1. Is it the case that some residue within the stretch 179-200 is surrounded by 16 or more Cβ atoms within 10 Å (Cβ to Cβ), within 24 Å of Arg14 (Cβ to Cβ), among the small types (Gly, Ala, Ser) and in contact (Cβ under 8 Å) with a residue 12 or more places away in the chain?
2. Give me the pairs: first residue in the stretch 92-103 and under 15 Å from Ile72 (Cβ atoms), second residue of a type in the set (A, V, I, L, M) and at pLDDT 85 or above, beta-carbon distance under 7 Å, and six or more apart or on different chains, which are they?
3. Against the definition (assigned by TED's automatic domain parsing to the domain that holds Leu75 and free of Cβ contacts under 8 Å to residues at least 24 places away in the same chain), how does Val142 come out, yes or no?
4. Check Arg77, Arg81 and return the single one that is touching a residue at least 40 places away in the same chain (Cβ under 8 Å) and either of a type outside the set (S, T, N, Q) or not assigned by TED's automatic domain parsing to the domain that holds Ala204 (or both).
5. Can you tell me which condition Ser134 does not meet? The list is (1) surrounded by fewer than 16 Cβ atoms within 10 Å (Cβ to Cβ); (2) at pLDDT below 75; (3) polar (S, T, N, Q), and all the others hold.
6. Pick out the one residue from Gln303, Gln346, Gln259 that is at pLDDT 90 or above, in the same structural domain as Gly233 (by TED's automatic domain parsing) and touching a helix residue (DSSP H, G or I) at 6+ places or on another chain (Cβ under 7 Å).
7. Return the only residue of Val229, Val220 being free of Cβ contacts under 8 Å to residues at least 40 places away in the same chain and among the β-branched types (Val, Ile, Thr).
Amino acid sequence: MIAISAVTRERLRRFMRILRMAAVIGAGVGALYAGAMAGPGARSLLASLLISIPIGVISALLTASSIASIEIFLLPRTSMRWLDALPFAAVFILKTLVYGAIAGAVLAGQPGQRLMGVVTVYNARTGLIAIVLSLVPVAVVVMMFQAAGLVGYRTFMALLLGKYRRPYAERRFFLFADVVGSTAIAERLGALEAHRFLAAVFSAIAEPIELCRGEIYQYVGDEIVITWVEADGAADARALRCFFAMRAALAADANRFVQRFGVLPELRAALHLGEVIAGEVGQVRRAIVFHGDVMNTTGRLEQATREVGCFFIASADALASLGPPPEIHTHDLGALALRGRVEPIQAFCVEHSDRRALKST
C-alpha cells in the first residue's frame, strides 16, 4: 500500500469537498435549466430533469476537478512560487483566462450532453457567446479566491456569511510565534532583504498552518498570530502540533534560506486558551477582531520564552483542553508572573520527544 503524507491527505479532503459542492451546484443549474426549457405537463418536466441534472453534474465535476487540481496540487509547489511575485491583477487575469479556457473546453466538448445523447450544435455566434458567458462565473470565482487569499479563507467565509456581524463570546486557542533573532538579522541584511526574509518565513510556514486548520489572524512585524476555535484546535492536538509542523517546514527549507539569506530561521512561540469577544469592525475595510485577556496573556507568555530559556510555552488551560499526544513532552514551569498581569499563570515548556520527527512531520 502506498503511504500518503498528512499534507496530501488534507489536500485530497479539500479536493473532495470542492467536488461535492460542484456536484450540488451543477445539479441545481441543471434543474433550473430543465424548468425553463420543459414543455407543459409533469412528464415533460420530469424527463427534462432526468436529462439536465446529470448534464449539469458532469460538466460541473469536470470543470471543478480541473481547476481544483491546479489550485490544490499544482500551485502550492515550489516551482510555482514565481506567481507570488506577480501583481494581484496579473494573477487574476491569468487565472481567469486559464480557468475560462477549461470551462470553455468542457462547454464546447459537451461531455454530459454526449453521454445523454442530446448534443447541441453550436454555430460561430452561439459558440462565442457561450464561451464569453463561461468566463463570467469563472472570473467571479477567481476574484473570490484571490480576495480570500488576502484575508484568509476562513475569515473570508465568515465575513461573507456574516458569522460575526453580531459580536459574541467564544473560546479560542491563540498561538503567538515570532522569529528568533530577527532584529540582528534585520541589521545584517538591511530593511529590504529583512522584509524578503520574513516574507519567505511566513510563506514557508503557511502550509503547515493550513494543514493544522489554523486561521492566520494577523502579522505583527516578525510575529504571526494563529487562532482556532476550541473544538478545531483541540482535535488531534492541532493547536499544539502546529508549532512543530512550522519548525519542520523551515528545517525542510533550510538550504534555500542559508543560500539566500545566510541564516536558518528559528521560531519561539506561546499557546493559550480562553474566552474572547469576536466580532466585525470597520466600514471602509471590514475585519474580524478578537478582544479579551487571552490575547494579552499569550503575548506575555511568548515574551517569557526568552526569560525561561524555552522555545515553546503553553498555558495549563491550553494543555488541559488539548491532552498532549505521547510524542510531545511538557515540563512544569510553575506559576509565571507576567508583566501587566496581577495573577501569575501556570505554564509548561513544550518539547517534541523525537527531533527526527520534526523533519518528516
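The values are calculated or read from the model by the stated rules, or taken from the named source; none is laboratory data. What you see is a predicted model, and the numbers here were worked out from it, not measured in a lab. Ideal geometry is used to build each Cβ from the backbone, glycine not excepted, and the neighbour counts take in all protein chains shown.
1. No; the residues of the stretch 179-200 include none that is surrounded by 16 or more Cβ atoms within 10 Å (Cβ to Cβ), within 24 Å of Arg14 (Cβ to Cβ), among the small types (Gly, Ala, Ser) and in contact (Cβ under 8 Å) with a residue 12 or more places away in the chain.
2. From the stretch 92-103, the pairs are Tyr99/Ile67; Ile102/Ile67.
3. Values: assigned by TED's automatic domain parsing to the domain that holds Leu75: yes; free of Cβ contacts under 8 Å to residues at least 24 places away in the same chain: no.
So Val142 does not fit the description; no.
4. Working: Arg77 fails: touching a residue at least 40 places away in the same chain (Cβ under 8 Å).
Residue meeting the stated conditions: Arg81.
5. Only one criterion in (1) surrounded by fewer than 16 Cβ atoms within 10 Å (Cβ to Cβ); (2) at pLDDT below 75; (3) polar (S, T, N, Q) is unmet by Ser134, namely (1).
6. Values: Gln303 fails: touching a helix residue (DSSP H, G or I) at 6+ places or on another chain (Cβ under 7 Å); Gln259 fails: touching a helix residue (DSSP H, G or I) at 6+ places or on another chain (Cβ under 7 Å).
Residue meeting the stated conditions: Gln346.
7. On the way: Val229 fails: free of Cβ contacts under 8 Å to residues at least 40 places away in the same chain.
Within the list Val229, Val220, the selection yields Val220.
Conditions tested, residue by residue: (1) modelled with pLDDT of 90 or more; (2) of a type in the set (S, T, N, Q); (3) within 24 Å of Ser315 (Cα to Cα).
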{"site": "Met157", "(1), (2), (3)": "no, no, no"}
{"site": "Gly162", "(1), (2), (3)": "no, no, no"}
{"site": "Arg165", "(1), (2), (3)": "no, no, no"}
{"site": "Leu189", "(1), (2), (3)": "yes, no, no"}
{"site": "Arg238", "(1), (2), (3)": "yes, no, yes"}
{"site": "Cys242", "(1), (2), (3)": "yes, no, yes"}
